[in-house]
1. Yes or no: Phe243 more than 18 Å from Gln74 (Cβ to Cβ) and among the aromatic types (Phe, Trp, Tyr)?
2. In the range 151-191, what count of residues is obtained for those that are in contact with a strand residue (DSSP E or B) (Cβ under 9 Å, 6 or more places away or on another chain), open to solvent by 20 Å² or more (accessible area, probe 1.4 Å) and part of a loop (DSSP other than H, G, I, E, B)?
3. Open to solvent by less than 50 Å² (accessible area, probe 1.4 Å) and either part of a helix (DSSP H, G or I) or touching a His at 6+ places or on another chain (Cβ under 6 Å) (or both): does that describe Gln111?
4. I'd like to know if the range 200-221 contains one or more residues that are without any contact (Cβ under 8 Å) to a residue 24 or more places away in the chain and not hydrophobic (A, V, I, L, M, F, W, C).
5. When you scan the range 41-63, how many residues do you find that are assigned to a loop (DSSP other than H, G, I, E, B) and not acidic (Asp, Glu)?
6. Being closer than 28 Å to Gly94 by Cβ, open to solvent by 20 Å² or more (accessible area, probe 1.4 Å) and not in a loop (DSSP other than H, G, I, E, B) narrows it down to one of Ser207, Ser225, so name that one.
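The values are calculated or read from the model by the stated rules, or taken from the named source; none is laboratory data. The shown structure was predicted, so the numbers you read here are calculated from the model rather than taken from an experiment. Using ideal geometry, Cβ is built from the backbone for each residue, glycine included, and neighbour counts are taken over all protein chains shown. Heads up: the accessible areas ignore ligands, DNA and RNA and are worked out on the full protein's heavy atoms, side chains in. Shrake-Rupley method; radii C 1.70, N 1.55, O 1.52, S 1.80 Å.
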Amino acid sequence: MYAKKLITVLTLTIAICISNPHAVKAGGTSASTNGAASVRGVVKFEGTVPKAKPISMSADPSCAKQHPSPVFTQEVATDPKGDLQNVVVFVSEGLGDRTFDAPTQPVVVEQKGCMYEPHVLAVRANQPLHVVNDDPTSHNIHPTPANNREWNKAEPPGTSLDESFAREEIAIPVKCNVHPWMHGYVAVFKHPFFAVTGKDGSFDLSSLPPGTYTIKAWHEKLGTSTQTVTIGANETKEISFVFKGV
């Protein structure tokens, strides 16, 4: 007869989590993902949301004519409930000496409507970054990292390029030297335990080994918030981050 485990619900919601395994190595040997856990939750903004500023694309008519309606900056983006978008949530401490194989599939960033889509993205160190120009005008993509190699490449209409970043860095500003209103961020991680919040402000860090972790939430204008969580085998803990107006 198989024994049944009794799961106690504490102040944090705990649920059995089934998730896809990551390629994990610890001390040079493969580590099992049996008993993997998750940390999930939501990021909120509290207070008066700063007014988004209109963007003028009149310097390049090919950009302006793609937007029949006004375009606004994306620095602080929330829904009516205060859920905060474009926040990078990640494990900053607690993984010890574990190492992780970099994925070979690329992460795609588009230059579309003379804007970066997505505005904030996250990749693994040495993972391919596939940059696409969907616009009828040339762009010049220019990341300005502090801990990685800087590069600056022109992209004619309808072309693409592939690059990567070798070291962890949260987060690298990216600009277009042709269109000064275009800017975004690329966060680079040496592990797979990160997420970027969407319109509902949610995040899910899955397939974590049981342990105690420092979880950080980074926003381009609002700074960084930190929490510590301890999770056991097959647990999911729900946490929330709250950023306040500045």
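1. No.
2. Selection size over the range 151-191: 13.
3. yes
4. no
5. 12
6. Result of the check over Ser207, Ser225: Ser225.
Residue by residue, here is whether (1) closer than 30 Å to Pro192 by Cα; (2) surrounded by fewer than 18 Cβ atoms within 10 Å (Cβ to Cβ); (3) among the aliphatic types (A, V, I, L, M) holds:
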| site | (1), (2), (3) |
| --- | --- |
| Val43 | yes, no, yes |
| Pro50 | no, yes, no |
| Ser56 | no, yes, no |
| Cys63 | no, no, no |
| Gly82 | yes, yes, no |
| Gln85 | yes, no, no |
| Phe90 | yes, no, no |
| Gly94 | yes, no, no |
| Asp97 | yes, yes, no |
